[in-house]
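Worksheet for the structure shown next.
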Amino acid sequence: MCGGFTCSKNALIALNVLYIVVASVLISVAVYGRAASIVTNLPIVGGILACGVILVLISLLGLVGAVKHHQVMLFFYMVILFLLFLIQFSIACACLGVNMEQQEQLAQQGWGTVDNTTKMEVQQAFTCCGFNDKYEPDHPKMGHPSCDLINMKCCPNVDPKCQCPDCMSKLQTTIDYAFKLCGWIGLFFSFTEVR
């Protein structure tokens, strides 16, 4: 017979194990989103990562509360879980609401804050040169290391007029994919926290 305390306890334990799996997915997607966009400053993706870590901690609190049948722990578990839902839902909507222009501004800020070693790694990984021509003359921080080696990859026939495209054009799809992936997964899993 299901409906008594034992059934509720087992259901709560199973739900918290599911939350740990959901948190693992959120953390994995956020880490991928950060890794896929090497230069950009993505605070929203960091918010998804933080929600995943918090969800693991809350799930552990729920597991302990369910196993020990501790009413105070379960009360705080429910309150914190609802607050996490609100935060995660807001961050997921923000990820989905970021347009291309805002993504470019975030990428510009990220490019301006990193050192030349990181810029060189990005240029080699994406076979691109510089951030974006329209930003670099006005902002001294937007400079980049030499593109001689990169241009050899782009232009194997040694055409002096041939140059690699700028990095923003190459990073745009990766950044957009990271935001959308984090947004949709965060939105989907935020509804698992409402009960």
Stretch Lys9-Glu121 to full length: gain in nm at 0.36 nm per residue minus the Cα-Cα span?
35.2 nm
For the stretch 115-128, take each phi angle, set θ = phi - 60°, evaluate the Karplus expression 6.51 cos²θ - 1.76 cosθ + 1.60, and give the result in whole Hz per residue in order, putting x for glycine and proline.
7, 5, 5, 5, 4, 5, 4, 5, 4, 6, 5, 9, 6, 9
For Asp148 and Leu57, FRET efficiency with R0 = 41 Å and r from the beta-carbon atoms, rounded to 0.05?
0.25
Once phi is turned into ³J(HN,Hα) by the Karplus curve 6.51 cos²θ - 1.76 cosθ + 1.60 with θ = phi - 60°, what whole-Hz value does each residue of the stretch 84-93 show in order, with x for glycine and proline?
5, 4, 4, 5, 5, 4, 5, 5, 5, 5
What shape does the stretch 52-100 take by its C-alpha gyration tensor, where a ≥ b ≥ c are the square roots of the eigenvalues and a/c under 1.5 counts as rounded, a/b above b/c as prolate, and the rest as oblate?
prolate
Label points 7 Å out from Cα along the Cβ direction at Trp184 and Ala35: separation in nm?
2.0 nm
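Values quoted throughout were computed directly from the atomic coordinates according to the rules given, and no laboratory measurement underlies them. As the structure is a prediction and not an experimental result, all values here were calculated from the model. We place every Cβ from the backbone using ideal geometry, glycine too, and count neighbours over all the protein chains shown.
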